[in-house]
1. Of the DSSP beta bridges with both residues in the protein assembly as shown, give the percent that are antiparallel, rounding to the nearest 5.
2. Based only on the alpha carbon positions, what is the Kirkwood hydrodynamic radius of chain B, in angstrom?
3. Quick check on the exposure proxy: order B:391, A:260 from fewest to most C-beta atoms within 10 angstrom.
4. Given a Förster radius of 51 Å and the C-beta distance between residue B:217 and residue A:335 as r, what FRET efficiency does 1/(1 + (r/R0)^6) yield to the nearest 0.05?
5. Positive end of the charge dipole of chain B (Lys, Arg +1 and Asp, Glu -1 on Cβ, about the Cα centre): tell me which of B:278, B:89, B:122 has its Cα farthest that way.
6. Just rank B:306, A:335, A:151, fewest to most, by other beta-carbon atoms within 10 angstrom.
7. Could you tell me which of rounded, prolate or oblate describes segment B:20-132, using a ≥ b ≥ c as the square roots of the eigenvalues of the alpha-carbon gyration tensor, with rounded for a/c under 1.5 and, failing that, prolate when a/b is larger than b/c and oblate otherwise?
8. At a Förster radius of 56 Å, what calculated FRET efficiency corresponds to the Cβ-Cβ distance of residue A:273 and residue B:429, to the nearest 0.05?
Amino acid sequence: MCRHLCPVGNITHNETLTPHGWGQLIAMERRGLLEWDSGTIDALYQCADCGNCESHCVTDQPLPDAIAEARTRLASAGTAPESVLAVARKLDSSSSLYNGDSVQLPTSSGEYALFAGDEADHFSPGSLEAAVKLLNGAGIEPILIGRGRNDGLIPSGLGLRPQAKKLADATVKDLSATGARHLLTLSAGSWFSFSRIYPERLETPLGNGVTVTEVLALLHEKCEAGELALKKSKLDKPFAYIDPVHSVRAENRFGTARSVIDRAFEGNRVELFWRKERSGANGHTGLQFTHPELASKLTRARLQDAKEAGAEILFCDDPGTVGHLKAEASGFGLDVRCLYQALAGQL
Amino acid sequence: MTTPPDGNPDSNRYSPDQFHYEMIRSELEEVVGQDHISTRDADKKIYSCDWSWMPQMWLDRGQPLRTPDFIVHPGTPEEISAILKIANTYKIPAIPWGGGSGTQGGTLPILGGIMIDVKRMNRLIEIDEQSMTVTAEAGINGSELEMRLNEKGLTLPHYPASANCATLGGYLAPRGTGTISTKYGKSEDLVLSMEVVLPDGSIIETPPVPDHASGPDFMGLFLGSEGVFGVISKATMQIDYLPETRLFRAILFDDLTKAIEAGRRLMVRRLAPTVIRLYDPSSTASRVKEILGYELEGAYMVVGFDGDADIAALQEKKAMEIFDELDGKDLGREPGEKWWNHRYDFYYPPRNLKLPWMYGTADTVTTFKHIETVYYAQKRAVEETYADWNVRYIGHFSHWFHWGAAMYTRFIIENPPEDAREALRLHNRVWNSAVTASLENGGTINEHHGVGLKLGRYMRRQYKEAFPLLEKIKHTIDPNGIMNPGKVGF
């Protein structure tokens with residue numbers, strides 16, 4: 001009954017490719033009514049693992065966990081799609097889904113650690129530096145950790161538990177080395193990964209008393225407290241904030257993101273239809289590896305939504321979402337901007 | 001037709017039926033394109049089952065269901081037309097599918113064939129704020145349509161529990177009812193016109209408005225037809241402004257008769273309640289307690305009014321006078337508002353009825369004169385006949401009219417037979433008892449879930465001498481009997 005908010009179902013219009021369909025496939029396999037063959041496995045891997053179904057589930061069913069568990073069994077048996085096994089092989093020799101292995105161990109300590117990850121440098125170069133500049137402007141000197149290392153969310157969702165666990169162990173080790181009590185993230189996805197996936201699915205808690213906070217949430221807090229000042233500029237084109245993938249899994253972020261934007265920019269800010277609690281995934285999910293065409297369709301659907309809302313400039317904080325949107329934006333006449341960089345320009 | 005056992009496209013050796021199968025597949029693919037047809041095993045299995053208890057139970061007991069042979073996702077009425085022509089050529093079933101949320105087995109592909117999923121046809125075509133109508137393709141999701149209307153301060157006042165998954169076409173095909181139908185009407189009261197693709201491939205439109213003196217109610221033929229007369233492809237619906245206020249209260253009656261009388265007086269005095277939800281004492285003691293947390297004895301009623309604040313307040317005041325006359329105890333706003341906020345919890349896990357239990361909703365509708373007779377006849381028929389199964393019978397009166405009300409009655413057996421066949425037989429026997437009690441006392445076989453597969457066998461008893469006329473209409477419209485065979489008694 002969350003089908004109306006499943007971005008994949010809304011794109012494919014296929015009953016199988018909905019929370020109901022994936023749940024049924026898993027149940028049928030357990031009942032012996034279906035086997036995991038190439039067709040059923042392909043269907044199982046078309047879930048974007050965006051979390052919309054769980055966030056809107058009236059029954060609190062952890063469907064994404066059930067899907068991840070089924071995928072884990074397939075990956076363990078070597079019967080996951082070749083694209084997934086290729087990701088596993090890459091992560092067996094690297095910490096990044098995108099780049100080579102260049103993770104540097106933290107050499108200093110501090111109260112705040114910022115997980116740099118492998119997405120910012122790959123998808124939205126400059127966004128990490130902009131985020132750091134903003135944090136500095138708020139009086140925070142974060143210790144960068146995990147630059148070049150994936151946060152484990154996509155590998156976990158693809159059923160690559162050993163690889164995700166390895167990534168989680170390394171990040172927790174880095175975090176511990178910094179002595180930080182606050183772990184900052186550049187995206188809702190990383191926030192969800194550290195807050196939920198690590199302790200629950202990967203049994204790798206961050207450590208006692210460590211809080212996880214999105215950079216955007218912290219910036220909002222600092223603005224509210226008068227500890228971060230942003231200049232306000234007028235934008236002469238309609239603009240919008242696009243809720244990135246996994247937004248629905250994070251805490252109270254919808255108002256936060258918009259509030260920070262409103263402090264820095266004035267003009268005609270419009271809202272997308274698929275926004276906030278009903279925001280849909282874009283291509284920045286595991287689908288970019290397993291079903292790139294479907295991932296691209298999801299991205300284009302978000303851009304189409306923005307176009308229909310009358311936006312000409314789109315802001316987003318999540319580097320992965322920014323990268324995927326930018327790759328398709330020209331076809332829609334949209335100007336996609338990294339929110340961190342845009343805000344840093346207002347310091 | 002039968003899906004060839006050797007249907008694997010990777011196989012080098014085909015079964016004798018494969019040629020026939022591939023011919024049809026090829027023709028369908030030409031119509032919708034290769035991206036919009038599936039013969040994948042995964043898809044066939046998912047489209048083999050709707051929300052009704054019978055197939056769900058069958059699967060839960062580890063038994064396979066008949067699957068469709070082909071699943072197609074047409075993008076236009078012209079494509080539906082071409083698909084139906086192919087179905088006629090090969091004389092194979094064609095079954096329309098919207099959200100798959102039906103509870104009567106109305107979309108089960110019991111003879112295989114072509115499953116026509118209309119969800120690709122999901123365009124919102126026009127919102128006419130002057131005439132207060134919305135026109136959309138039949139495959140648009142109910143909640144999405146509602147959210148898009150809400151963006152403009154508007155609403156399609158049809159709030160079924162299935163809205164998150166049901167489609168506009170699915171609202172209309174079984175003559176569905178939503179929570180606030182008492183004021184705004186059933187889906188059939190909200191529709192102005194429809195586009196329908198007939199079984200022979202003709203694409204027709206009903207007159208632009210429903211209220212006229214330009215011949216018989218032609219559109220009515222397709223409302224409640226559940227796909228046996230064609231495929232609804234587009235509809236224009238009446239819409240409303242989102243109300244300025246919604247007021248809810250709960251009233252407790254120690255006597256069901258007085259409670260029904262209170263509802264009747266609200267309706268015949270045209271106080272226009274948005275909702276009157278009256279739980280019988282059994283439901284009050286079980287469902288209201290479980291879901292809302294109120295431990296009460298008697299009949300629990302929620303009444304609501306909406307619209308302009310001053311008008312709604314006055315309507316509520318008048319209603320309270322009626323409740324007072326009939327010894328109704330005002331429980332205040334909070335229990336009414338809690339019901340409104342949790343109204344769908346009754347139908348979802350973990351509070352819903354669920355397998356391996358056996359259950360069924362024998363909803364019916366009748367006039368005020370007969371309503372209690374039908375209720376007690378059904379209750380006796382179920383409780384006394386199936387006492388050995390420790391059956392429970394609960395119900396509420398959910399949708400009210402100027403002349404009567406709908407009963408949403410349910411039977412529950414917590415320990416049904418484990419064997420799937422025995423369970424199915426018992427389920428049908430309980431249904432026989434409940435429906436017979438309704439029909440013999442002035443009720444109908446259903447009020448808003450539709451007929452589907454489950455109630456088809458009662459159509460002849462419902463329509464008596466008129467049923468052959470319906471059969472003639474069916475034969476005229478669909479001479480090859482391709483449209484959703486086995487449903488609605490055809």
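1. Looking only at bridges with both residues in the protein assembly as shown, the antiparallel portion is about 65 percent.
2. Averaging 1/r across every pair of different Cα atoms and inverting gives 23.6 Å.
3. Placing the least packed residue first, the sequence is B:391, A:260.
4. 0.45
5. B:278
6. A:335, B:306, A:151
7. Verdict is oblate for segment B:20-132.
8. Step by step, r from the Cβ atoms, then E = 0.70.
No value in this document is a laboratory result; all are computed from the given coordinates. Just so it is clear, the structure is predicted and the values come from calculations on it, not from any experiment. Cβ coordinates were reconstructed from backbone atoms using ideal geometry, including for glycine residues, and neighbour counts include every protein chain displayed.
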